[in-house]
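First up is the structure itself, then whatever we jot down about it.
The values are calculated or read from the model by the stated rules, or taken from the named source; none is laboratory data. The model shown is predicted, which means the values in this text are computed figures rather than measured ones. All Cβ positions, even for glycine, are placed from backbone atoms using ideal geometry, and neighbour counts span all protein chains on display. All accessible areas refer to the heavy atoms of the entire protein, side chains included, with ligands and DNA or RNA removed. Shrake-Rupley method; radii C 1.70, N 1.55, O 1.52, S 1.80 Å.
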Amino acid sequence: MVSVLFICLGNICRSPMAETIFRDIVEKEGKESSYKIDSAGLISFHEGESADNRMRNFAYQRGYRITHISRPVKTQDFYDFDMIIGMDDDNMSKLRRLRPDDAKAELHKMTEYLRNMDEDEVPDPYYGGAAGFTHVIDLLEDACRGLYENTCNK
Ligand code: 4NP
């Protein structure tokens, strides 16, 4: 069993998209029982909300349905999950500050798992246009496949 928590700032764009894409891969591989998958945000501003309408629409065009409801990350997450995966450098520095020293969760940045693309962050699409959202999906599809291949034998 591998437990993975995807993190971004608001938990309404990038991390619910990552959670949805990763779950899709895991389900297509028939490995649902081997994974626990969730996402959360570093701010609670959007707590209780569905994912951003633009993210949901671009996701739908690629065949994904995002059903996650935004929630903030909590201290217990660092004890409950094996891997906590942030989207950008700002996410990573906030996660390093929040992680208790005795936690089990290992912190990783999503772009570590890219196989075909070569970028250092999954950029925040919130204040940008359509291209930002489709770019996020491109990066996450590539990185989620890499993450699956990295974890499927654990
Ligand atoms: P996310 O995008 O971190 O990918 O969910 C954002 C969503 C909301 C805000 C910023 C980024 N915000 O400032 O409210």
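Here are some notes:
- Taking each residue of the range 1-21 that is of a type in the set (D, E, K, R) and more than 11 Å from the ligand (Cβ to nearest atom) and looking for partners that are at pLDDT 95 or above and part of a strand (DSSP E or B) with beta-carbon atoms closer than 6 Å, six or more apart or interchain, yields Glu19/Phe6; Glu19/Ile37; Glu19/Ser39.
- Among the criteria (1) in contact with a Gly (Cβ under 7 Å, 6 or more places away or on another chain); (2) away from the ligand (no atom under 14 Å from the Cβ); (3) open to solvent by less than 70 Å² (accessible area, probe 1.4 Å), the one Leu147 does not fulfil is (1).
- Qualifying residue in the range 119-139 (condition: part of a helix (DSSP H, G or I), touching a residue at least 40 places away in the same chain (Cβ under 8 Å) and of a type in the set (Ser, Thr, Tyr)): yes
- Looking at Met83, Met87, just one residue is under 15 Å from the mean Cα position of the chain (by Cα) and surrounded by 19 or more Cβ atoms within 10 Å (Cβ to Cβ), and that residue is Met87.
- Search result, residues across the range 1-30 that are assigned to a helix (DSSP H, G or I) and within 11 Å of the chain's Cα centre (by Cα): Arg14, Ser15, Pro16, Met17, Ala18, Glu19, Thr20, Ile21, Phe22, Arg23
- Verdict on Tyr126 being more than 16 Å from the ligand (Cβ to nearest atom), open to solvent by 60 Å² or more (accessible area, probe 1.4 Å) and closer than 21 Å to Ser44 by Cα: no
- Some residue of the range 141-154 being of a type outside the set (A, V, I, L, M, F, W, C), outside any helix (DSSP H, G or I) and at pLDDT below 95: yes
- Residues considered: Gly146, Gly86. Of these, the only one that is closer than 27 Å to Lys31 by Cβ and in contact (Cβ under 8 Å) with a residue 60 or more places away in the chain is Gly86.
- Top-ranked residue of the range 90-123 - restricted to ones that are open to solvent by 30 Å² or more (accessible area, probe 1.4 Å) and within 11 Å of the ligand (Cβ to nearest atom), ranked as nearest to Ile12 (Cα to Cα): Pro123
- Conditions (1) within 13 Å of the ligand (Cβ to nearest atom); (2) closer than 26 Å to Glu32 by Cβ; (3) hydrophobic (A, V, I, L, M, F, W, C): number failed by Phe133: (2)
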